Amino acid sequence: LDLIEEFSNAMDAIKFLNKNSIDLIFLDIHMPGFSGFDFIQTLKDPPKIVLTTSDRNFAIEAYEYEVIVDYLVKPISEERFKKSIIKVKNTLERARPVISEGADSTEGTELYINIDRRLIKLKFDEIQLIEAKGDYIEIKTDTEMFRVHSPLKKIREKLPASLFLQVHRSFIINFSKIIDIEDNSVLIGKSVVPISRSNRPELMRRLNLL
């Protein structure tokens, strides 16, 4: 796990999470002016969450939220924390094959997107990457960029897995458009795309390495 940020102010955390893609957050239920559940509901696309609290009474409500992976009661022992991390990793790993494989049965070489009541044809081999931004996705091709009101999951299901790979919860890339890979990022055209740890093994598996 890599610690990206820490926040003591809920509004600062909300602003950060709505602009950045994070795989997991540890969230205290009790915050000044907010409950942890209120906090989750303000997020456009919440990541996986581990709740922390000194009160066991919230456990039933917590498990009504699909994004909540675990529930830690303070004081948290090292052993319990390690078990929680294993649980999180297993959850992310179970999700990875679905994300990576996409739609092997997709026929054809193109798809259509609806923009301002116009249907625009996009050829798969011209798409460089697709990025989720809140309720929208941005599709970058070799020549243009299109903004479409759609979840990333919907377009992922229409893409051929032989050509496309989700490398981050907010990014799908065209595998044939990769120029360079360095550490935890990949260069697609002129765009640097982050690679999440959970999706990196699939990316490396598909590379034709010397």
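General observations
- Rg over Rh, two decimals, region 110-206 (C-alpha only, Kirkwood Rh): 0.95
- Each Cα pair under 8 Å and six or more residues apart adds its separation to the average, and for the chain the resulting relative contact order is 14 percent.
- The lysine pair count for region 10-101, using Cα distances under 22 Å and pairs eight or more places apart or on different chains, is 13.
- Just so you know, the Rg over Rh for the chain is 1.01, from Cα atoms, with Rh as the Kirkwood radius.
- 21, 170, 54 arranged by Cβ crowding within 10 Å, fewest neighbours leading: 54, 21, 170
- When the chain is described by a simple charge dipole with +1 on each Lys and Arg Cβ and -1 on each Asp and Glu Cβ, the residue from 41, 129, 161 located farthest towards its positive end is 161.
- Computed magnitude of the charge dipole of region 138-210 (debye, nearest 20; Cβ of K, R +1, Cβ of D, E -1): 320
- With the charge dipole of the chain set up from +1 on Lys and Arg Cβ and -1 on Asp and Glu Cβ about the Cα centre, the Cα lying farthest toward the positive end among the listed residues 59, 193, 31 is that of 193.
- Taken over the alpha carbons of region 10-101 as equal point scatterers, the Debye sum produces base-10 log I(q)/I(0) values at 0.12, 0.18, 0.24 Å⁻¹ of -0.39, -0.86, -1.35.
- FRET efficiency estimate (nearest 0.05) - Cβ-Cβ, residue 157 to residue 6, R0 45 angstrom: 0.80
- Degrees, to the nearest 10: 10-19 long Cα axis against longest axis of the chain: 20
- Considering helices alone, the calculated mean residue ellipticity of the chain at 222 nm is -8000 deg cm²/dmol, with DSSP H runs of length four and up weighted by -39500 (n - 2.57) and normalised per residue.
- Lys, Arg +1 and Asp, Glu -1 on Cβ, resulting dipole of region 10-101 about Cα centre, debye, nearest 20: 260
Read-outs throughout are calculated quantities, based only on the coordinates presented, and are distinct from any laboratory measurement. Owing to the predicted nature of the structure, the values given are computational and were not obtained by experimental measurement. Cβ: placed from backbone, ideal geometry, glycine included. Neighbour counts: every protein chain shown.
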